[in-house]
Amino acid sequence: MEREKPYFMSIDLSTTACKVLVFNSSGIPVAESHQDMPLFYPRPTWIEADANDWWNITVKCIREVLDKIPSSQIASIGVCGLMHALVPVDRSGNPLDRVMLWMDQRCKPQCEWIKEKTADRLIPTYLSAPKLKWLVENKPDVVVNTYKFMFGKDFIRLKLTGEFATDESDAGGSALFDSKRKCWSDEMLNLIGIPIDKMLPIRNSTDVAGYVTESSAKETGLKKGTPVVIGASDVRSTLIGVNIYAPKRVCLYMGTAAWVAISDEKGSVNWGGATATFGVGLRWCNELFDNSMTYSQMVELAGNASPGSDGLIFFPHLMGERWPKFNSYAKGTIFGLTLSHRKKHIIRAILEGNAYLIRQIIENYGIHRVENITATGGCAKSKLWLQIIADVTGKTISVPRVTEATALGSAILSAIGIRFFDSLDNAIKEWVYIQDFCFPNNNVKEIYDKAYRLYCRIDNALEEFYPETVN
């Protein structure tokens, strides 16, 4: 009798949604569930999530995919997730407060304080260190009662296995990690007032962290004893899922936010830049329209508007901005509105405005000499958005076989963890492929070049007004 081939489950906890995918032994997704996450906006520029929502929605997604694939055939589970956002939990793993998401801007004063205390070390608001400093100053009881501060993926894995741990990719993105010694930084933790024993043990991404417990098996439908690997941040998982480690490759991630990474001639990865928002702009727009459309309906409607959105320009700085200006005061703007503009123009302007920002990042970091960009993430499923980015940047866009490269990278780590693959290189060779291409349309080049130049001029002009707006 032929032995059943294994399946690999990947749990991808992003800022705005949870996705659970199951991959077969060839790296092809055979089951998928997606659920949006509730977000909370207690004040302007503040944005929070409830870790209990993370777990409850993850359970729902797991149960949906297990309707298609028996739990007994899941060989291992990988978990990846959003970076920088820390969950304070007690010894039982119960959240003690809502999570400040990385987009949250409330810690600007703490960033300035850290800069003064560390000889002008730039710590942006999206990193973990200033957010923990804000907690120390504003919610000291939460800090005192916290057993461990946990990243998103680590919280989900804790609920599955009962094990406390993290990996270097999440620790390294916190501004609390000593990259030379490969451990938590005593200096930074002492500076902001966090005892080092409140931070998680750091382990390898492919280590088996633990096994699905009896209680989580009952809650999720998973088989008790299924191995769960440590996993990695969403960025690290994505880089694996698109094989950024091949020489001279550029990756554009299109999700809640967007980011660009590039590998050099030897395959070493350099950070190109990241936006503060991207796909979440469509979610915001849909909420303005009373959630009257699905995302695919929104993009379809945008396709009915002409390139350039009849003069409408959207500046996508909805939660400050990261690259290329690092302006936490930046605000979103819609420029050029007239009575003739309709919903289709606004939606298309959002797609185009984000593409202009991507072009800014690419040009600012010298990646303009590269002709091909590999796009991935949930928004990369939109052919229209890919075409707009190709047209605005003038670059050919490569589309992987699996656009959900974050989940694929997580599944690869879990497969290595149980020795299905003996190395990362072999796993990537087996599972990561480019499947399609999107080429720039030269017929709209002049339209987008003109709109981009205007975008840059207005963007620069608006900077002096941002600090005067409400924060």
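Summary of values
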| quantity | calculated |
| --- | --- |
| Any hit, segment 284-292, residues being assigned to a loop (DSSP other than H, G, I, E, B), under 19 Å from Gly81 (Cβ atoms) and either in contact with a helix residue (DSSP H, G or I) (Cβ under 8 Å, 6 or more places away or on another chain) or not aliphatic (A, V, I, L, M) (or both) | no |
| Within segment 137-250, helices (runs of 4 or more DSSP H) holding 3 or more residues that are within 30 Å of Glu430 (Cα to Cα) | 152-161, 168-172, 234-241 |
| Subset of segment 421-471 [under 22 Å from Asn372 (Cα atoms), of a type in the set (A, V, I, L, M) and modelled with pLDDT of 95 or more] | Ile428, Val432, Val444, Ile447 |
| Any hit, segment 298-310, residues being within 26 Å of Thr45 (Cα to Cα) and part of a loop (DSSP other than H, G, I, E, B) | no |
| Residue among Tyr245, Tyr211, Tyr253, Tyr295 that is crowded, with 23+ Cβ neighbours inside 10 Å and either touching a helix residue (DSSP H, G or I) at 6+ places or on another chain (Cβ under 8 Å) or not hydrophobic (A, V, I, L, M, F, W, C) (or both) | Tyr253 |
| Only listed residue being of a type in the set (Gly, Ala, Ser), in contact (Cβ under 8 Å) with a residue 60 or more places away in the chain and surrounded by fewer than 19 Cβ atoms within 10 Å (Cβ to Cβ), chosen from Ser14, Ser72, Ser92 | Ser72 |
| Phe421 vs. criteria surrounded by 12 or more Cβ atoms within 10 Å (Cβ to Cβ), free of Cβ contacts under 8 Å to residues at least 24 places away in the same chain and outside any helix (DSSP H, G or I) | yes |
| From Glu32, Glu48, residue being surrounded by fewer than 21 Cβ atoms within 10 Å (Cβ to Cβ), under 20 Å from the mean Cα position of the chain (by Cα), farther than 21 Å from Lys218 by Cα and outside the structural domain of Arg401 (by TED's automatic domain parsing) | Glu48 |
| Subset tally (residues that are within 25 Å of Pro6 (Cα to Cα) and in contact with a Pro (Cβ under 8 Å, 6 or more places away or on another chain)) for segment 371-407 | 3 |
| Candidate set: segment 106-137, residues that are among the charged types (D, E, K, R) and under 24 Å from the mean Cα position of the chain (by Cα); chosen: the one surrounded by the fewest Cβ atoms within 10 Å (Cβ to Cβ) | Lys108 |
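The values are calculated or read from the model by the stated rules, or taken from the named source; none is laboratory data. In this text the structure is predicted, and so the values were computed from the model without any measurement. No Cβ is skipped: glycine too gets one built from the backbone with ideal geometry, and neighbour counts run over all protein chains shown.
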